[in-house]
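Since the structure comes first, as structure tokens, the remarks are kept for the end.
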Amino acid sequence: MIAVALAVALTASGPDKVDVRPDVDAIITGIGFGAWLFPALASKSIVPATCRWCDGPDNSGLPGTGSRGSLNGVDAWFHDRMTGWLMSRDTAAVTSDVVAYGLVPAGVITGAFLATGPHASDGAGWRATFIVAESAAVSAGLVQGLKYITARKRPFVRYGTGDTSGSYRIDSEETRLGFPSGHTALAASTTFALATTATIEESKAAPWFWAGAAVATISTASLRVIADKHYFTDVAAGALIGAASGVIFPLLHRRGGLLSSDSVSVGAQGPSFLLSGRF
């Protein structure tokens with residue numbers, strides 16, 4: 001009964017430009033969330049004992065030259081210029097947590113409910129939030145999978161600036177989960193999903209949401225590099241995955257789209273012909 005009530009509450013019944021399929025969306029969101037959660041819970045057992053993408057044979061940390069076994073020139077350039085820039089590594093790390101896991105989700109949820117657009121009907125805010133959550137879950141699952149596949153050494157390990165306690169422990173399995181950046185992917189997936197949904201719904205706030213998405217993604221990515229937690233290519237990949245998920249899933253939820261309830265009814269009706277005119 002709860003599932004039925006939820007489906008009824010979430011399904012668009014008015015002129016909304018987006019709609020959801022709660023049963024299918026719940027499965028997709030659950031798979032994405034599970035793909036993120038289960039590796040995290042079993043991290044100590046499944047993380048490779050050594051890095052696969054090591055950026056050098058040791059932790060001496062000399063800037064790369066582009067040769068085999070060294071850090072590529074792009075990552076070395078950004079690392080040397082941004083690590084510890086504007087604020088300390090620890091402050092940047094804490095700030096990135098607050099932004100990605102606190103400020104951005106709070107702002108996105110608020111925007112989903114307050115800027116639904118002229119076509120919104122009852123439940124529009126919940127539907128927008130549902131779409132954002134689905135986008136974020138799929139993005140998180142993809143990022144988590146890549147982290148364990150690539151097993152990239154984090155910059156503070158390669159550069160020999162870690163320690164044996166706190167968030168820069170060199171003996172933690174987290175040191176081999178550098179690519180892509182999960183913080184950046186989360187910021188991008190949620191904000192881009194909100195902006196895309198608002199655009200489809202023709203909300204006047206859509207341009208502001210796109211600007212906010214850019215600011216949130218770039219700020220989070222920069223903080224992770226400043227914090228010495230990620231390289232430029234880590235945050236770039238995270239931004240790409242998050243943004244792609246944040247755009248694709250709202251588009252799939254457009255009325256008549258694959259993840260819209262309209263697609264079910266149209267398919268069930270089969271081929272038909274419509275004759276109209278004045279007689």
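What follows draws every value from the coordinates through simple rules; no lab data is involved. Since this is a predicted model, take the numbers as computed values, not measurements. Cβ coordinates were reconstructed from backbone atoms using ideal geometry, including for glycine residues, and neighbour counts include every protein chain displayed.
Equivalent ellipsoid of the stretch 68-112: semi-axes from √(5λ) of the C-alpha gyration tensor, largest first, are 30, 14, 8 Å. Once Rg and the Kirkwood radius are both taken over the C-alpha atoms of the stretch 173-222, their ratio Rg/Rh works out to 1.15.
Please give the FRET efficiency for ASP80 paired with LEU114, using the beta carbon to beta carbon distance and R0 = 30 Å, rounded to the nearest 0.05. Write out the running numbers ahead of the final one.
Details: r = 42 Å, r/R0 = 1.41.
Given R0 = 30 Å and the Cβ-Cβ separation, E is 0.10.
Placing +1 on the Cβ of every Lys and Arg and -1 on the Cβ of every Asp and Glu, with no other charges, gives the stretch 127-237 a dipole of roughly 240 debye about its Cα centre.
Listed by chain and number, the lysines whose alpha-carbon sits under 23 Å from that of LYS17, ignoring those within fewer than 8 places in the same chain, are LYS204. Between VAL24 and ASP163, the simple label model (points 7 Å from Cα in the Cβ direction) yields a spacing of 5.2 nm.
Partners of LYS147 within straight-line reach, counting lysines whose Cα lies under 30 Å from its Cα and excluding those fewer than 8 residues away in the same chain: LYS44, LYS229. Distance between the C-alpha centres of the stretch 72-117 and the stretch 176-246: 9 Å, rounded to the whole angstrom. Straightening the chain between SER88 and ALA214 buys 43.0 nm, computed as 0.36 nm per residue apart minus the Cα-Cα spacing. Per-peptide packing, taken as the mean over residues of other Cβ atoms within 10 Å, places 39-49, 196-206 in the sequence 196-206, 39-49 from highest down. Exposure proxy shown here: for ASP16, ASP122, the number of other Cβ atoms within 10 Å sets the order, fewest to most, as ASP122, ASP16.
A Förster radius of 22 Å, combined with the Cβ-Cβ distance separating ASP122 from LEU258, puts the computed FRET efficiency at roughly 0.40. Over all Cα atoms in the stretch 198-244, the spread is summed up by Rg and Dmax: 13.0, 40 Å.
Each principal axis of the Cα cloud of the stretch 165-256 was evaluated for its coordinate range; sorted largest first, these ranges are 50, 24, 20 Å.
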